[in-house]
Every structure is written in structure tokens, then in C-alpha cells.
Amino acid sequence: MSANSSSPRVQSVSRATAILVAVAASPRGLTAREISESLGLNRPTAYHLLRTLTDEAFLMRGSDRRYRLGLRVGTLAEGFARQLAPDESLTPYVRLLAERTSETTYLTVRRGVDVILLTFSVARHTIQARAPVHGLLEDIHARSSGKVSLAFAPPWALDEYFETHELRKLSPTTITTRRELDNELERIRKNGFAVSREEQEVGVCTMAAPIDRGASPFVLALSAPTERFDANFDTYLADLLDVAGLASSSVAAAIANGAVGGSVAAPG
């Protein structure tokens, strides 16, 4: 048990979860020695824990002697994805923003270095931005929702994104260097929202804001043709921030009531 904790803790469980987190944060996996040294574990303790986690299929040991996440972690990930899905908790806010602006609105979630579009509401205008597609989003460096997700991601996730993704140039205004994108992400953290002006597609602009000020992985976004986007920018931004704030209050209430993963209050 940990003597410094206000409530009892099982030390072996704490150490095992620390190993899983360390392995998950490593792009190539870790050796037993690296795990032992990085977590301050003596070698016998580290080997016992690694053996148990491997036997239970939460870790696997490759031919290069590096430990990587095992198959049973996939079971946890699937369950996490199901329980994290917004269902009826956040989708009403997507519809509320669409009702206020008459534009296409959508909700994304960051999982690791991936950004996934969960749900959207189509614009009521005859001329509108192309409807998004559910699922994994590509080129998130050019999307306002993607930039918000990166801005509030933990440092390891941001580093991994730059290591594994090319900043492709999709339009004349697309950001294509890490220095430029780092500066942009800093502005997003400071301002609390992101804008993409034709960075992904010429003629289309988007804006996005984090839910719960970036503490949650969800992002609320809006897209519109450039002319209408510029003409209504201040109104759209005010609506976006207001609805994101309402959704944030709902998430906070759900956490306080222990209802994370279930329904939270819908907007009236």
C-alpha cells in the first residue's frame, strides 16, 4: 500500500498500470531494462510484473525483446470507445449549433493521435459545405477540429503525430511546417478556438472549440462556404463558444454525478 495516498492503493496494480502507460506512450515498445529504469523498479520486480502482464495478454514480447501492448488491450480500447461515444449526451449540442447558425456542424473526438468524426448536422442552406463523413479524419493539421485536438493533446501525442504524419499541402493556405503549426496551436490554447481558412479545401472555412476547455477529448465544429463564413464570422464564433460552453457544463455535471459514458443533460 502507498503510505502517501489518502486512500489505500495496491502497489503492484499501480506499478502494472504504470508499465502499460509507459509502453503505450512508446512508438516502438520498451525493453525490460528501459521499463525498469524509467519507472524506478528493481529488475526482479519489473520482470515479475512483465511476466504477469504478458501471461494475461495485456503485453506481448517481440523478437527484438521489446514489450508492446497485447491483444487484450484491444478489448479495453473497444469498450472505452463504446462508453466514450456521445450517444444522446453531446449530439443535442451539435443540433443546437446547427439550428442557431443554419450551417453544417459536427462533433469529433481524439483517441491517441487520431481524430474521429462522431456525428454531424447538415446545413439548411442551398449552398453549403460538403457533408463530412463519419469515422477517421485525415490531414487533421488542416482542419480546425484537428488543430483543437492537437492543441490540447498531451505532449507525447503531439510528438507522435509529427513523427508519423506528413503535413500535406492541401491548398495554398495549408500549414506545412512544425514551427508554423506549433505557433498556431499556441494561439488556439490562448484563444480557446481554432479557425481553418480554406486550409483543407478552397472555398470552405471551418471553426472549432474544445468542450470542457480541452480537458475532454471532444471538439465542436462548424463549416461553411468562405463568403458566408466571413460575412457571419463574429456571430458564428459567438454561437460556437456559447454552445461549447453549454456542452462543457453538461459534461462537468455528468462527471460530478458519476454519469460519464451515460446520458447528460440535453439543451433546453
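The values are calculated or read from the model by the stated rules, or taken from the named source; none is laboratory data. Not measured: the values here are computed from a predicted model. With ideal geometry, Cβ positions are generated from the backbone for all residues, glycine too; neighbour counts draw on all protein chains shown.
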Point to revise | Cβ pairs under 6 Å, 6+ apart, first in segment 31-45 and closer than 15 Å to L20 by Cα, second of a type in the set (D, E, K, R) and crowded, with 16+ Cβ neighbours inside 10 Å | key: T31/R66
Check your understanding: Is there a residue in segment 3-11 that is surrounded by fewer than 18 Cβ atoms within 10 Å (Cβ to Cβ) and modelled with pLDDT of 85 or more?
Key -> yes
Exercise for review: Return the total of residues in segment 202-227 being in contact (Cβ under 8 Å) with a residue 60 or more places away in the chain and either hydroxyl-bearing (S, T, Y) or in contact with a strand residue (DSSP E or B) (Cβ under 9 Å, 6 or more places away or on another chain) (or both).
Suggested key: 16
Exercise for review: Being small (G, A, S) and touching a helix residue (DSSP H, G or I) at 6+ places or on another chain (Cβ under 6 Å) is the filter; apply it to segment 245-261 and report the residue that is modelled with the highest pLDDT.
Suggested key: A247
Practice item. Return only the number of the condition from (1) modelled with pLDDT of 90 or more; (2) surrounded by 14 or more Cβ atoms within 10 Å (Cβ to Cβ); (3) of a type outside the set (K, R); (4) not in a loop (DSSP other than H, G, I, E, B) that L41 does not satisfy. Key: (4)
Review point. Are there any pairs with C-beta distances below 7 angstrom linking a residue in segment 47-67 that is within 18 Å of V21 (Cβ to Cβ) and not assigned by TED's automatic domain parsing to the domain that holds R33 to a residue that is basic (K, R) and modelled with pLDDT under 95, with the two at least 6 apart or on different chains, and if so which?
Key: none
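Residue-wise test of (1) aliphatic (A, V, I, L, M); (2) under 17 Å from the mean Cα position of the chain (by Cα); (3) modelled with pLDDT under 95; (4) on the phi > 0 side of the Ramachandran plot.
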| residue | (1), (2), (3), (4) |
| --- | --- |
| P154 | no, yes, yes, no |
| Y161 | no, yes, yes, no |
| T164 | no, yes, yes, no |
| R178 | no, no, yes, no |
| R187 | no, no, no, no |
| V202 | yes, no, yes, no |
| T206 | no, no, no, no |
| D212 | no, yes, yes, yes |
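Mind listing just one residue for me: the one in segment 214-240 that is part of a helix (DSSP H, G or I) and within 27 Å of G112 (Cβ to Cβ) and, of those, modelled with the highest pLDDT? Give the derivation first.
To start, the set of residues in segment 214-240 that are part of a helix (DSSP H, G or I) comprises 214, 226-231, 233-240.
Applying the additional criterion that residues be within 27 Å of G112 (Cβ to Cβ) yields 214, 240.
On the way: G214: 85, L240: 97.
Once the filter is applied, the top-ranked residue is L240.
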Exercise for review: Write out, first by first residue and then by second, each pair whose Cβ atoms fall under 6 Å of each other, whose residues are 6+ apart or on separate chains, and whose first residue, in segment 133-148, is at pLDDT 90 or above while the second is basic (K, R).
Suggested key: D139/R168
Practice item. Collect the residues in segment 20-38 that are in contact with a Lys or Arg (Cβ under 7 Å, 6 or more places away or on another chain) and not in a helix (DSSP H, G or I), keeping them in residue-number order. Key: R28, G29, L30, T31
Practice item. Pairs only if they're at least six apart or on different chains, beta carbon under 8 angstrom, first in segment 1-23 and more than 14 Å from S38 (Cβ to Cβ), second surrounded by 10 or more Cβ atoms within 10 Å (Cβ to Cβ) and modelled with pLDDT of 90 or more; list them, first residue then second. Key: S12/L49; A16/L49; A16/T52; A16/L53
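Take T17 and tell me if it is part of a helix (DSSP H, G or I) and either at pLDDT 95 or above or more than 30 Å from F218 (Cβ to Cβ) (or both).
Details: part of a helix (DSSP H, G or I): yes; either at pLDDT 95 or above or more than 30 Å from F218 (Cβ to Cβ) (or both): no.
No: the conditions fail for T17.
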